[in-house]
Amino acid sequence: SLPWSIDQHTIDINVMGFAAASQCIFKLMCEQGYGQLAAINSIAGQRGGPNMAYHASKAFAANYLQGLSMHAQRLKLPITITDIQLGLFDKAVHLRTQLLLSPIDNVAGQILTALKKGKRRVYVTKRWRIVAWINRLLPEYIYNTRHWKPKKKGG
Ligand SMILES: NC(=O)c1ccc[n+]([C@@H]2O[C@H](COP(=O)([O-])OP(=O)(O)OC[C@H]3O[C@@H](n4cnc5c(N)ncnc54)[C@H](OP(=O)(O)O)[C@@H]3O)[C@@H](O)[C@H]2O)c1
């Protein structure tokens with residue numbers, strides 16, 4: 001089943017809340033004439049997924065941040081918008097893959113380095129960039145079926 005209340009909750013927080021907070025912060029930065037917005041986002045937004053509202057909300061965030069960055073550019077203000085594309089760490093824990101899991105210090109270190117460099121977008125940790133890239137490139141018939149398992153009968 002797909003209960004609407006779960007999607008609505010995600011949209012309320014990750015879309016409505018995110019946009020309202022970002023707008024508010026951006027306005028404050030415009031008033032003070034400079035600033036940097038560090039937005040924790042997810043590579044889940046690269047493509048749709050079974051957790052529809054979550055994936056879509058992360059795509060919304062990436063798109064919104066891009067727009068804010070363009071806005072700052074046009075206003076000729078030194079405002080940096082950094083989209084921090086985190087890997088799917090919970091999923092990596094679940095899959096028990098050390099390859100995609102990194103110590104929290106590495107995660108924090110890579111975020112800080114990117115912020116100091118004023119990056120527009122950063123993948124944390126770096127190897128998740130490859131996962132994001134593959135996810136984007138996979139043809140629909142593979143992307144949509146690779147986790148497919150036949151349902152057990154009965155039980
Ligand atoms: N965990 C991962 O593997 C992963 C991967 C990629 C990206 N991310 C991103 O990282 C961010 C945090 O994820 P997480 O896994 O750390 O999630 P989490 O453990 O569930 O933490 C969510 C945080 O958001 C706060 N929050 C939720 N609803 C709120 C509301 N209505 N108003 C104010 N605060 C609210 C919670 O506050 P309370 O503690 O007070 O409830 C909590 O501090 C998210 O943007 C997520 O997309 C996480």
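Readers should treat all values here as calculations from the given coordinates under stated rules, not as data from a laboratory. Remember, predicted model here, so these are calculated numbers, not experimental data. Reconstructed Cβ throughout: ideal geometry from the backbone, glycine too, with neighbour counts over all protein chains shown.
Observations, loosely collected:
- Amide H contacts for Thr125 (H built 1.01 Å from N in the peptide plane; partners 5 or more residues away or on another chain; cut-off under 5 Å): Gly87.
- Region 3-50 and region 65-85: distance between their alpha carbon centers, rounded to Å: 14
- Working note: Karplus 6.51/-1.76/1.60 with θ = phi - 60° gives region 3-18 the couplings x, 4, 4, 5, 4, 4, 4, 5, 5, 4, 7, 7, 10, 4, x, 4 Hz, where Gly and Pro are set to x.
- Over 22 Å between alpha carbons, listed pairs Lys76/Lys117; Lys76/Lys126; Lys27/Lys119; Lys58/Lys119: Lys76/Lys126
- Dmax and Rg, reported as Rg then Dmax, of the chain (C-alpha, Å): 17.7, 64
- Under the Karplus curve 6.51 cos²θ - 1.76 cosθ + 1.60, θ = phi - 60°, whole-Hz ³J(HN,Hα) for region 55-67, x wherever Gly or Pro sits: 4, 5, 5, 6, 5, 4, 4, 4, 5, 5, 5, 4, x
- Sorting Asp7, Asp105 from the fewest to the most surrounding beta carbons within 10 angstrom yields Asp105, Asp7.
- The charge dipole of the chain, taken about the Cα centre with unit charges on the Cβ atoms of Lys, Arg (+1) and Asp, Glu (-1), comes to about 660 debye, rounded to the nearest 20.
- Neighbour-count ranking [beta-carbon atoms within 10 angstrom, fewest first] of Ser5, Ser57: Ser5, Ser57
- Residues Cys24, Cys30, sorted so that the one with the fewest Cβ neighbours within 10 Å comes first: Cys24, Cys30
- Three-way shape label, region 85-151, alpha-carbon gyration tensor, a/c 1.5: oblate
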